[in-house]
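Participant: Okay, handing you the structure first.
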Amino acid sequence: MKRIILHVDMDHFFTAIEERENPELRGKPVVVGADPKKGRGVVSTCNYEARKFGIKSGMAISRAYKLCPDAVFLPVNYELYKRVSDEIMATLRKYADRLERWGLDEAFLDVSSKVKDYEEAEALARKIKKEILEKEKLTCSIGIGPNKLVAKIASDFNKPDGLTVVRESEAKDFLAPLPVSRLIGVGRKTERKLKEMGISTIGELAAFDPSKLADEFGKFGLRLYLMAQGIDESEVRDRDERKSISREITLDEDTGDLEFVAGIVDVLSECVYKELLKRDFSFRTVTLKIRYEDFETHVFSKTLPHLGELRLLRNIARELLLLNAENKKIRLVGVRVSNLVPLKGQKKLDFVNFKTP
DNA sequence: TCTGGGGTCCTAGGACCC
DNA sequence: TCTGGGGTCCTAGGACCC
């Protein structure tokens with residue numbers, strides 16, 4: 001069956017919310033991210049005024065500060081953005097057969113049964129944009145296409161406050177001139193590898209020998225080839241349950257003091273556990289993450305034969321640290337739990353065949 | 001350019017079981 | 001004596017997303 005997919009992408013979401021909450025910020029360059037005084041960390045989002053100075057998300061905050069010391073630098077107010085995001089997702093959900101959240105500020109909507117053609121899809125997109133603007137005083141850009149890939153690239157095509165429709169018959173030509181890095185799943189590494197093979201644009205990828213792509217990238221090679229033809233069969237899926245919960249922190253200064261780091265690990269374990277309780281989940285796997293001063297990063301994990309609780313989480317995280325830490329200064333530590341098991345009342349536990357401790 | 005914090009998915013080897 | 005094939009789970013690493 002032919003599908004019609006919308007990709008809704010909020011415009012510079014975090015800074016747009018900050019401007020809405022504090023109109024004095026409008027017209028000024030605004031950067032949401034790490035504290036430039038501390039100097040460690042990156043830009044989370046910046047508005048279009050800040051982009052004029054060359055600031056981009058993901059950039060080191062120290063560099064952003066050098067590019068524009070007069071910009072307004074704000075910390076990340078995650079709770080606020082999450083609340084606004086939840087409201088927007090609730091609005092979007094009304095119009096979709098299925099909705100897939102993609103971060104706080106993006107979503108895919110499968111509207112195949114809600115509209116009969118691209119004209120109706122476009123009208124629906126306009127309605128959604130209007131409703132979000134009225135309710136939230138925020139703008140978004142929407143892409144419409146025959147699949148997630150095309151919809152996503154379309155939403156990025158005309159920003160901010162854009163609306164781009166790409167029909168199935170137009171998809172291949174639409175993608176051809178764009179760089180391969182626009183494809184979902186093509187990051188820095190894959191982009192470099194493709195460049196070494198003489199492939200820079202999606203059009204070049206589409207014309208390449210798929211068996212050579214399979215040799216180089218395995219299963220992903222075929223997917224790359226298909227995406228370049230504008231083909232993407234992946235479903236829009238409501239992700240119901242969370243698969244993992246984690247907390248990590250980059251220390252203000254690298255340290256070789258393991259007991260100090262172990263204290264941080266205790267705190268992270270408690271934060272993670274609090275989140276578990278809130279969601280009424282237990283866990284079976286604990287993962288400890290260490291990043292050293294040279295940026296080398298390792299993860300170590302341990303899976304229990306039964307459900308864990310706080311004391312166990314703390315002890316295992318600590319043990320994984322002390323057992324595995326090398327004699328190098330540590331930059332970051334993190335604690336993650338996975339193999340999550342819902343605890344909706346004790347009754348649900350009957351489904352779970354784990355021995356109790 | 002000196003690289004956050006929250007996630008997801010994939011791969012590959014080894015253990016273990018039938 | 002030397003050795004199958006399939007399946008699942010665990011661990012570690014890595015790429016990628018916003």
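The values are calculated or read from the model by the stated rules, or taken from the named source; none is laboratory data. The model shown is predicted, which means the values in this text are computed figures rather than measured ones. Cβ sites come from the backbone with ideal geometry, for glycine too, and all protein chains shown count toward neighbours. To get the accessible areas, we keep the full protein, side chains included, count just its heavy atoms, and leave off ligands, DNA and RNA. Shrake-Rupley method; radii C 1.70, N 1.55, O 1.52, S 1.80 Å.
Participant: Hey, can you tell me all the residues within the stretch A:86-106 that are within 14 Å of DNA strand B (Cβ to nearest atom), in contact (Cβ under 8 Å) with a residue 40 or more places away in the chain and open to solvent by less than 70 Å² (accessible area, probe 1.4 Å)?
Facilitator: Result: A:100, A:104, A:105, A:106.
Participant: Identify, by number, the condition in (1) out of contact with any strand residue (DSSP E or B) (no Cβ under 8 Å at 6 or more places or on another chain); (2) of a type outside the set (Phe, Trp, Tyr); (3) in contact (Cβ under 8 Å) with a residue 24 or more places away in the chain that residue A:119 doesn't meet.
Facilitator: Every condition holds for residue A:119 apart from (3).
Participant: Quick one: which residue in A:244, A:200, A:169 is more than 23 Å from residue A:143 (Cα to Cα) and more than 16 Å from DNA strand B (Cβ to nearest atom)?
Facilitator: When all the criteria are applied, what remains is A:200.
Participant: Could you list, in sequence order, the residues of the stretch A:202-221 that are part of a loop (DSSP other than H, G, I, E, B) and surrounded by fewer than 15 Cβ atoms within 10 Å (Cβ to Cβ)? Can you show your working first?
Facilitator: At the first step, the residues of the stretch A:202-221 found to be part of a loop (DSSP other than H, G, I, E, B) are A:207-209, A:218.
A:207, A:209, A:218, listed by residue number.
Participant: Go through (1) closer than 27 Å to residue A:170 by Cβ; (2) modelled with pLDDT under 95 one by one and return the number of the condition residue A:215 breaks.
Facilitator: Result: residue A:215 passes all but (1).
Participant: Would you point out which residue out of A:25, A:6 is surrounded by 13 or more Cβ atoms within 10 Å (Cβ to Cβ) and closer than 30 Å to residue A:112 by Cβ?
Facilitator: None of the other options fit; the residue is A:6.
Participant: Would you please list the contacts, defined by Cβ atoms under 6 Å and residues six or more apart or on different chains, that run from a residue in the stretch A:271-294 that is in the same structural domain as residue A:312 (by TED's automatic domain parsing) to a residue that is open to solvent by 50 Å² or more (accessible area, probe 1.4 Å) and of a type in the set (A, V, I, L, M)?
Facilitator: What qualifies is A:287/A:299; A:289/A:299.
Participant: Just the residues that are in a strand (DSSP E or B), surrounded by fewer than 14 Cβ atoms within 10 Å (Cβ to Cβ) and within 25 Å of the chain's Cα centre (by Cα), please, taken from the stretch A:290-344.
Facilitator: Going through the stretch A:290-344, the residues in a strand (DSSP E or B) turn out to be A:290-292, A:297-303, A:330-338, A:341-342.
Right, trim to surrounded by fewer than 14 Cβ atoms within 10 Å (Cβ to Cβ) and you get A:297-299, A:303.
A:297, A:298, A:299 - these are the residues of the stretch A:290-344 that are in a strand (DSSP E or B), surrounded by fewer than 14 Cβ atoms within 10 Å (Cβ to Cβ) and within 25 Å of the chain's Cα centre (by Cα).
Participant: Right, next: Pull up the stretch A:45-72, narrow it to residues that are over 28 Å from residue A:158 (Cβ atoms) and more than 7 Å from DNA strand B (Cβ to nearest atom), then point me to the one that is least open to solvent (accessible area, probe 1.4 Å).
Facilitator: A:61
Participant: Given the criteria over 20 Å from residue A:243 (Cβ atoms) and in contact with a helix residue (DSSP H, G or I) (Cβ under 6 Å, 6 or more places away or on another chain), does residue A:264 qualify?
Facilitator: No.
Participant: Given (1) under 16 Å from residue A:14 (Cα atoms); (2) polar (S, T, N, Q); (3) open to solvent by less than 60 Å² (accessible area, probe 1.4 Å), where does residue A:77 come up short, assuming only one miss?
Facilitator: Among (1) under 16 Å from residue A:14 (Cα atoms); (2) polar (S, T, N, Q); (3) open to solvent by less than 60 Å² (accessible area, probe 1.4 Å), residue A:77 violates only (3).
Participant: A further question on this structure: Which ones in the stretch A:157-192 are within 30 Å of residue A:133 (Cα to Cα), surrounded by fewer than 16 Cβ atoms within 10 Å (Cβ to Cβ) and within 18 Å of the chain's Cα centre (by Cα)?
Facilitator: A:184
Participant: Output the number of the condition that residue A:224 fails; it satisfies all remaining conditions of (1) assigned by TED's automatic domain parsing to the domain that holds residue A:293; (2) open to solvent by less than 30 Å² (accessible area, probe 1.4 Å).
Facilitator: It fails just one condition, (1).
Participant: Being touching a residue at least 40 places away in the same chain (Cβ under 8 Å), surrounded by 15 or more Cβ atoms within 10 Å (Cβ to Cβ) and not in a strand (DSSP E or B) is the requirement here; does residue A:245 meet it?
Facilitator: No: the conditions fail for residue A:245.
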